[in-house]
Amino acid sequence: MSQSSILILHGPNLNLLGLREPEVYGSITLDQINNLLKEEGKRLQVRISCLQSNHEGVLIDAIHQARDNHQGIIINAGAYTHTSVAIRDALAGVKVPTVEVHLSNIYQREEFRHHSYIAPIAIGQISGFGANSYLLGLQALVRYIKLAE
Ligand code: DQA
């Protein structure tokens, strides 16, 4: 059987990781996170594609394209988590199994971060483990996909 392909989507401002509020997000850069995910992908025998965008429509187009090209999505939608019905509708529309991840624990932070539009249509959410949230999310997603095969 051919390898599953996983799309990693990073939303707005995550390109600034390393510089951005290091007391909240740590010093790791987005490139370093993507490299860790690619290594973990090799170990789990899945293909990994990574995309970051500051634009809601670009993220939505990537979700639509995932329908034909990827078996799972890991998404850190950044602030769009708390605002974007459109990203939630795209994920619900394509029905590609999705895990929501956050570097910070969004429930320990400002109240406006406590609500996620994505959580109700995701398989699950991992929040608060820094870069490990992505790696844990990838492990959980791959296990979910393999069990469903
Ligand atoms: C974040 C949490 C969001 O509230 C915030 O807007 C981000 C990053 C996280 O990974 O902790 O941009 O998604």
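Each reported figure results from applying straightforward, stated rules to the coordinates on display, with no laboratory input. Just so it is clear, the model here is predicted, and its values are computed rather than measured. Quick reminder, even Gly has a Cβ in these numbers, built from the backbone with ideal geometry, and neighbours come from all protein chains shown.
Quick rundown of the values:
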item: Length gained when the stretch THR83-LEU16 is fully extended (0.36 nm per residue, less Cα-Cα span); result: 22.1 nm
item: Of the DSSP H helices in the chain, those whose Cα atoms cover at least 18 Å axially and whose Kyte score averages -1.0 or more; result: 30-44, 56-69, 132-148
item: Alpha carbon convex hull of the stretch 75-145, projected area averaged over orientations, nm²; result: 4.3 nm²
item: Estimated inter-spin distance, LEU147 and ILE28, nm [label 7 Å along Cα→Cβ]; result: 2.4 nm
item: Computed E for ILE123/SER2 - FRET, C-beta separation, R0 25 angstrom, nearest 0.05; result: 0.70
item: Test item: Cα-centred dipole of the stretch 21-134, Lys/Arg +1 and Asp/Glu -1 on Cβ, debye; result: 420 debye
item: Distant alpha-carbon pairs in the stretch 52-108 (separation over 18 angstrom), percent; result: 28 percent
item: Trypsin sites (Lys or Arg not before Pro) within the stretch 61-113, DSSP loop, no more than 10 other Cβ atoms inside 10 Å; result: LYS95
item: Semi-axis lengths, Å, the stretch 5-148, gyration tensor of Cα atoms, sqrt of 5 times eigenvalues; result: 21, 18, 14
